[in-house]
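Written below as structure tokens is the structure these notes are about.
Please treat every number below as a calculation from the coordinates, not as lab data. Everything numeric in this text was worked out from a predicted model, so none of it was measured. Virtual Cβ from ideal backbone geometry, glycine too; neighbours counted across all protein chains shown.
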Amino acid sequence: VLFLTDPDIFSMTWLHFLSVSITVWLTLLFVFTIVPAVLGVSIGIRRLYLTTLLKIFEWATLRMEMEAKEKNQQLYKPYSSGIIVKEPPLSLQQGIQELRGSASCLHSEPEFEMADIFYFCRRGVESIVDDEVTKRFSAQELETWNLLTRSHYNFRHISLRLTVLWGLGVLIRYGILLPLRVTLAATGISLILVLTTLVGFLPSRELRFFLTEKVHVMCYRICVRSLTAMITYHNRENKPKNGGICVANHTTPIDVIILANDGCYSLIGQAHRGLLGMVQRAMVKSSPHIWFDRSEVKDRHLVAKRLSDHVADKTKQPILIFPEGTCINNTSVMMFKKGSFEIGCTVYPVAIKYDPLFGDAFWNSSKFGMVNYLLRMMSSWAIVCSVWYLPPMNREEGEDAVQFANRVKAAIAAQGGLVDLIWDGGLKRAKVKDAFKEEQQKLYSKVLVDTSR
Amino acid sequence: MGSNSSNMNHIPDGQQLLQDTGFSAAQIIRLYERFEFLDKDNTGHLRPEDLETVPDLDMNPIGARIIGAFFPPGKETLDFGSFVRILAHFLPADSNRTRAGAQQEPANSTTGKLRFAFQLYDQDRDGKISRDELLQVLRSMLGLQVTEEQLQCIAERAIQEADADKDDAISFDEFRKSLEKVDIDHKMSIRFLR
């Protein structure tokens, strides 16, 4: 006890303790995560972790409901199905006919009825209360609570036990998981930089290809572990092959890591500056990625040419493209831009579906910047997702690029259990085109002309 | 992210709205969430631009008029109370609980709904739908799909049918009479989930 009161010895002891624990920490890290990542082996820690968490969440939700009942507070459950009853959508024609059916007169000439306005009025107000599009640009709501205040659940200190549990969760997530993950991510990124540069120096092309694949997969595995991502790949026999393009629905930039974990892809995108730019340049040294300058992006022909050149070369890996053009919240698939479907090569569709219970992966770019987003990702419990590789598709005779794109989109939506929407993801930032309104006006004028039936 | 209220205390006028309109507490909480969602800059008020971000409304031929119904002339901002009171017009008529001492006719009665629809036509709020106002509505709903003559023709017929006292305009009573065969409650109601 005497030595603890002496300040010098005390601080030395502290330092010893600190250095020992850091060494232990790093060793554990190395053994349990990096080595398996390099070897491609999974110990099964993550699965155990997730099952335990699930049990805790269910218990927590039950407790909340019980306590709320006791205190006679109305516990607000998020309505994941919306505010209003969704009736099967009637066409404009049917809607107006139905309206007029109650006024039982038939005329032989174009007839306008004062009541017609009710149809548009009701549809308009319904869309103010709940519409299909704007809600896709914010994170979806959960049925059970996952001990994160950021997920959309009311948490007002209903019970002491739950508050304690939540506090414990915060400690674990920010004190243990976050530093662990940041370390892993840093390791993964530096490895990719160093190793791809080294491999780029090798003279032999075959050797370069061989090693590139290994290096890439290893680094992506480390990144996946740094997010504690549990990915289930289905139908791996349909994995994209060389000389084609791989299209997938877009929820977050992490999609790239999720897919690249299981195969080598060529990425396509804008050339950035800073750290991301460095990573991009390093990656290009050992495998062919397509990075565009800001000015080149606008030139659609240039983009199309570089794409077709790449797919024509059968030794090059498939290109990974996200045709939606923006991040959607993983409940629906929005319009696919036709550019990638005009090239005329084989398309390998992939559906990615995240389970938001352990951490919502959706990147709401209008709310969070990239750093903030990554921080949130690394302080969630885990990222759980399923990836389905769909059979390859080709453009058929007499099908134009838009129809082909829609066909692929429908296949992805069906497999992933997502809603297939015709809307453009660009509506996140821009307003609807006048063409849609004209369409409505056209339909209505047809009704007026056809009232005799 | 919406409000994390499990009760109404965080909602402005919450209790008052519960009494005045026919909405249940759960519905009001849900509407408040929607309100906050539409209120992108978190000022506690909506502006016309906030409603214009809804694509379905933007492509509705009378979208601008509907937004106008929420923002009568002179009013630039919409608070949550007014938002709910206007939406209350669209509750089914049978959802009123019996309240002792209800001051005025509830918004979701047939008359209330008719009045809402009437105001969509009668933009200058003079109590009558003039020929001009009718033409404007028709132009919105039909756009460039019909010619000017066809438009005049349709408007003429509509006025002739409804205008009982021949003053070349449609008053509220004439409006109501011309719609007496229409099931207004059904057509102007939105089925809110309980």
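Summary of computed values
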| quantity | calculated |
| --- | --- |
| Order of A:388, A:25 under a 10 Å beta carbon neighbour criterion, fewest first | A:25, A:388 |
| Derived scalar couplings ³J(HN,Hα) [the range A:182-196; Karplus, 6.51 cos²θ - 1.76 cosθ + 1.60; whole Hz; x for Gly, Pro] | 4, 4, 4, 4, 4, 4, x, 5, 5, 4, 5, 5, 5, 5, 5 |
| Per-residue average of Cβ from other chains inside 10 Å of A:436-443 | 5 |
| Whole-Hz ³J(HN,Hα) from phi, Karplus 6.51 cos²θ - 1.76 cosθ + 1.60, for the range A:251-261, glycine and proline x | 10, 7, x, 5, 3, 4, 5, 4, 6, 5, 5 |
| Extension gain (nm, one decimal) between residue B:172 and residue B:124, 0.36 nm per residue minus Cα-Cα | 15.9 nm |
| Estimated FRET transfer efficiency when R0 is 60 angstrom, pair residue A:237-residue A:8 (beta carbons, to 0.05) | 0.35 |
| Number of partner chain Cβ atoms within 10 Å, mean per residue of B:154-162 | 2 |
| Residue A:433-residue A:309 pseudo-label distance in nm [points 7 Å out on the Cα-to-Cβ vector] | 3.0 |
| GNM top mover of B:55, B:72, B:106 - chain B, alpha-carbon springs below 10 Å | B:55 |
| Contour minus Cα-Cα distance for residue B:49 and residue B:15 (0.36 nm per residue) | 9.4 nm |
| Sequence-distant aspartates and glutamates (8 or more away, or on other chains) whose Cα lies within less than 19 Å of residue A:239 | A:213, A:255, A:262, A:313 |
| For residue B:129, residues with placed amide H under 5 Å, excluding near neighbours | B:170, B:171 |
| Average Cα contact separation per residue, the range B:109-193, under 8 Å, 6 or more apart, as relative contact order % | 35 |
| For chain A: relative contact order, % (alpha-carbon pairs under 8 angstrom, 6 or more apart) | 19 |
| Angstrom value of the Kirkwood radius, inverse mean 1/r, which spans all Cα pairs in chain A | 25.8 |
| The range A:160-422: C-alpha gyration tensor shape, a/c 1.5 cut-off, then a/b vs b/c | oblate |
| Environment charge at residue A:424 (Cβ cut-off 10 Å; Lys +1, Arg +1, Asp -1, Glu -1) | +2 |
| R0 of 25 Å, Cβ-Cβ distance residue A:213-residue A:32: FRET efficiency to nearest 0.05 | 0.50 |
| Peptides A:173-182, A:333-342 ordered by average Cβ neighbours within 10 Å, highest first | A:333-342, A:173-182 |
| Built amide H within the under 5 Å cut-off of residue A:383, gap 5+ | A:229, A:230 |
| Cut-off under 5 Å, modelled amide H: who pairs with residue A:266 long-range | A:319, A:320 |
| Listed peptides A:251-264, A:358-371 by packing density, highest first (mean Cβ within 10 Å) | A:251-264, A:358-371 |
| Lysines whose Cα lies under 17 Å from that of residue B:166, excluding same-chain neighbours fewer than 8 positions away | B:128, B:177 |
| Dipole axis of the range A:160-422 (+1 Lys, Arg; -1 Asp, Glu on Cβ), positive-most option in A:232, A:362, A:191 | A:191 |
| Normalised alpha carbon radius of gyration of chain B [divisor 2.2 N^0.38 Å] | 1.14 |
| Burial ordering of A:147, A:26, fewest other beta-carbon atoms within 10 Å first | A:26, A:147 |
| Environment charge at residue A:333 (Cβ cut-off 14 Å; Lys +1, Arg +1, Asp -1, Glu -1) | 0 |
| Cross-link table A:353/A:409; A:55/A:353; A:338/A:409, entries beyond 18 Å C-alpha to C-alpha | A:55/A:353 |
| Per-residue average of Cβ from other chains inside 10 Å of B:142-152 | 4 |
